[in-house]
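What follows is a single structure, written as C-alpha cells, with notes after it.
Rule-based calculations on the coordinates, nothing more; no lab input. These numbers were taken from a predicted model, which means no experiment stands behind them. Glycine also receives a Cβ, built like all others from the backbone with ideal geometry; neighbour counts cover every protein chain displayed.
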Amino acid sequence: MQTARAALAAGDIGAPVAATAFMVTPGHERWHPDPEFYYRPGGGPVLDMGPYYLTALVTLLGPVRRVAGMASTPRSTRTIGDGPRAGEVFPVLVPTHQTGVLEHASGAITTLMMSFDVWAGRLPRIEVYGAEGTLSVPDPNQFAGQVQLFRGAEGEWAEVPERAGYRGAARGYGVADLAEALRTGTTPRANGELAYHVLDVMECLSRAAETATTVTVESTCAIPDAVPLTP
C-alpha cells in the first residue's frame, strides 16, 4: 500500500480521477464454525471487510465527503458448512451484497462492491485511475502483493518495485508504528481520527442504501503520513 501511495505521490499516473474496490466471497459460513455474527446487525460485508479497503482508499485518495449506495439480501438463511455445527441453518438479518459510490474530498470518485453472495470473480481488488495511467493495488487484507502500473503512452503493465513501507510488515504492524509514535511524540498512522472516519463512511453507506439518497459524511481525517522504505 505504501508503494502504491509513493507511486501516486510521484505522479506516475497523473492526477487521480477515480478508483474501484471489490471484495467478493460466497460467505464465511463455509469455513467459520460459528458464523452467525457476520449476518447480524454489526455484520455484513462492509462492516466486516470495509475497514481494510476504506482505510486503504483514504490513505491513497484522502477522506470521503459524500456517498451513495444500494444493498440487498438475496438469501434469507445460511447453512454452516464446517465444524461441529455443520448443517445448521440460521437467519440472515443484514444486507449481504452492498455497492457504493464514494466522493473523496480530493474530487476522485470510487466505485465499491462488497459481497457475501459472489462465488468467484476476476475483479481487481483496488485500482486507481489517473489522467496519465492506472495503478493496480493488491488486496489490503494481505499486506503484500505486487503493485502494477500502466502508463498510457507506454501501453503495457509493469511491476512497481518496492519503494516505501516497512519491509516484511504484516497484520498487526500498526502496533509497532504506534509504539514508535509514542516514543517520538508523533501521531500514529492508525489513529482514532482515521478509524472514526472509516466507520462513519461505512455507516453512511448503509444509511444511503436504506434511504435511497446520497449521504454527506460529517467526519473527516488527515491522510496518515507516508512510510519511507524502512528495513
Handout entry: Calculated semi-axes √(5λ) of the Cα gyration tensor in Å (choose from (i) 33, 24, 14; (ii) 31, 19, 16; (iii) 30, 21, 19), label
Key = (iii)
Problem - 0 to 90° range, to nearest 10: angle between helix 174-184 axis and the chain longest Cα axis - result: 40 degrees
Completion exercise
To the nearest 10 degrees, the tilt of helix 192-211 (Cα long axis) against the first principal axis of the alpha carbons of the chain is 50 degrees
Practice task
With r as the distance between the Cβ atoms of Thr216 and Ala131 and R0 = 35 Å, compute the FRET efficiency 1/(1 + (r/R0)^6) and round to 0.05.
Solution key: 0.85
Practice task
Please state the charge dipole magnitude for the stretch 82-231, taken about the Cα centre, from unit charges on C-beta atoms (+1 on K and R, -1 on D and E), reported in debye and rounded to the nearest 20.
Solution key: 300 debye
Problem - For the stretch 148-196, the Rg and Dmax computed from alpha carbons only, in angstrom - result: 16.4, 46
Problem - Rg to Rh, two decimals, where the stretch 153-231 supplies the alpha carbon set and Rh follows Kirkwood - result: 1.12
Problem - Other-chain or far-sequence residues with amide H under 5 Å of Thr73's (modelled H) - result: Thr96
Practice task
Using only Cα atoms, tell me the angle between helix 45-61 and the longest principal axis of the chain; keep it within 0 to 90° and round to the nearest 10.
Solution key: 10 degrees
Completion exercise
Projected onto the charge dipole of the chain (unit charges on the beta-carbon of Lys, Arg, Asp and Glu, signs +1, +1, -1, -1), the Cα from Gln146, Met114, Ala6 with the largest positive-side position is that of Met114
Practice task
Mind checking which of Thr20, Pro45, Pro84 is farthest towards the positive end of the stretch 3-102's charge dipole, using Cβ charges of +1 (Lys, Arg) and -1 (Asp, Glu) about the Cα centre?
Solution key: Thr20
